[in-house]
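A short worksheet on the structure shown next.
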């Protein structure tokens, strides 16, 4: 056990070949990766797992990991965020992450608990599909990316979105959560 997270041994990451701690959450992440590659046709090379993202909320800072960023047409086109339990409560921070992982707006946002999913429009936040099968396949994501203008995110907006993610993902998070690294205040 690490904190209250049950360690089941080690496993090999499907996308990178890295050896990772085998936890129930990581098993879900691996199943999501497998779904993206095997059922949705995304190339492993187009999927970036565990991207570190620096968050700032005033003097407080933390680094979180974004589960998956999927590229299409040469740009970050889809963010996939995993979390156990209710997916509705994960919509707003996932939309904020989609405004922070690149200098441009990411058009597709997926929130999933590994068994269910919502596909959100990255700009409006509107739910465009429900269920794991609603996640865009490679062809659909490329088409969406080619028809999207990838607007830049203004610095003031990025600052506010960073605060949103910090509030949802860092404040009150379990100290043993290894997906969050709190940094010393400036």
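No lab work stands behind these numbers, since they all come straight from the coordinates. The shown structure was predicted, so the numbers you read here are calculated from the model rather than taken from an experiment.
Select from 141, 14, 95 the residue whose mean-square fluctuation is largest in a Gaussian network model of the chain (Cα-Cα springs shorter than 10 Å).
14
Hey, if you drop one equal point scatterer on each alpha-carbon of the chain and run the Debye formula without solvent, what base-10 log of I(q)/I(0) do you get at q = 0.10 Å⁻¹?
-0.38
Tell me what the chain gives for mean residue ellipticity at 222 nm when only DSSP H runs of n ≥ 4 count, each as -39,500 (n - 2.57), the sum divided by the residue total, rounded to 500 deg cm²/dmol.
It comes out at -6000 deg cm²/dmol, rounded to the nearest 500.
Quick check: the distance between the Cα centres of segment 133-163 and segment 89-131, to the nearest angstrom?
When both Cα centres are located, 9 Å separates them.
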